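Just so it is clear, none of the values below were taken in a lab; they were calculated from the coordinates. Since the model is a prediction, treat every value here as computed from it, not as a measurement. Quick reminder, even Gly has a Cβ in these numbers, built from the backbone with ideal geometry, and neighbours come from all protein chains shown.
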Amino acid sequence: MNIIRDKSGLDELHRKIQAENASLGFIPTMGALHQGHLSLIERAQKENTYTICSVYVNPTQFNDPKDFDRYPRPIENDLKILEKSGCDYAFVPTNDIMYVQKTVMKYDFGSLEHVMEGKFRPGHFNGVATIVGKLFNLVKPTRAYFGQKDLQQTVVIRTLVNDLSFDIELVICDTLREPDGLAMSSRNTLLKPEHRSKAVLLYKALSQAKELYLSGASISDIQKSATAAIVSDKDFKLEYFEIVDLQSLISLKENTGLKPVAICVASFLGEIRLIDNMVIS
Ligand code: AMP
């Protein structure tokens, strides 16, 4: 595997891609790689000539400095995992490359800024769009792979691609889960052992809400029942539990049986913030 750390490495890659008329699949990550990330890499490997995975913990998307400081950064292990996966290139930039100068432009994603992650993490999507836009321009992929786990992020990035006419195909991949149902996440490694065993509660609440939705229960009853199940354990600090239209992410007020919808949850468990969602299609 080739490790690229700067612009000249990327220039060399682009010359090769152009000369061979090859395609390039790109997986942007913040590292602490797990099977979920690897599933995106595998998909990219099937659909492209070459695959490149970036590992960069982007400071501008963290609204909470404590979250940024404790975010895991096992870069040597990540590189081993990437090598083993058969990924062709790892892009491991430094802050000097990603933020040559302080960013002035700000992105505003309209209604997406006021719901769910937008509401609870002010400035988060501006940071995400800033870094993803920069990475798209630097890496120039044919296709870019993102996880449904970060549902609202996929909608923001689709908006970015459409509004700025990036010539990049977006591929959204299913969420990989631990055997007990917990969505895989780099932050799971930060959970205290006694919290790790409780974390599955979010998946259970989503699964139960899905059943209730399909049985025709009202949105407020579904929310009440899910909220009660989660907050019954004092270690959880629930931020939201929403049932939204999958395209617009607007919250449903009534259960008219509309599909596709997504049930989305965010909660702290101890100090660690977890998000998850389940799509009904
Ligand atoms: P992150 O390193 O957390 O920024 O994630 C990098 C990419 O991997 C994002 O597109 C995530 O949505 C995706 N991802 C994270 N967790 C999972 C998972 N459990 N299953 C599938 N994709 C995931």
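How tilted is helix 7-20 with respect to the longest principal axis of the chain? Cα atoms for both, answer in degrees (0 to 90, nearest 10).
80
Counting pairs of alpha carbon atoms under 8 Å apart in space and at least six apart in sequence, what relative contact order in percent does the chain give?
Values: 451 pairs, mean separation 46.7, N = 281.
Computed over the chain, the figure is 17 percent.
Can you order the peptides 61-71, 177-187, 140-150 by their average number of other Cβ atoms within 10 Å per residue, highest first? Walk me through the intermediate numbers first.
On the way: 61-71: 13.7, 177-187: 16.9, 140-150: 20.5.
Descending mean neighbour count gives 140-150, 177-187, 61-71.
Hey, got the dipole for the chain? About the Cα centre, +1 on K and R Cβ, -1 on D and E Cβ, debye to the nearest 20? Mind dumping the intermediate values first?
Details: 33 positive and 35 negative charges, 50 e Å.
Magnitude of the dipole: close to 240 debye.
Under 22 Å between alpha carbons, and skipping anything fewer than 8 positions from LYS80 in its own chain: which lysines qualify?
Cα-Cα hits under 22 Å: LYS46.
Considering Cα pairs under 8 angstrom that are at least six residues apart, work out the relative contact order of segment 49-140 and quote it in whole percent.
Answer for segment 49-140 is 41 percent.
Set Lys and Arg Cβ to +1 and Asp and Glu Cβ to -1, take the dipole of segment 10-69 about its Cα centre, and tell me which of ASN48, THR60, HIS34 lies farthest positive.
The Cα lying farthest towards the positive end belongs to ASN48.
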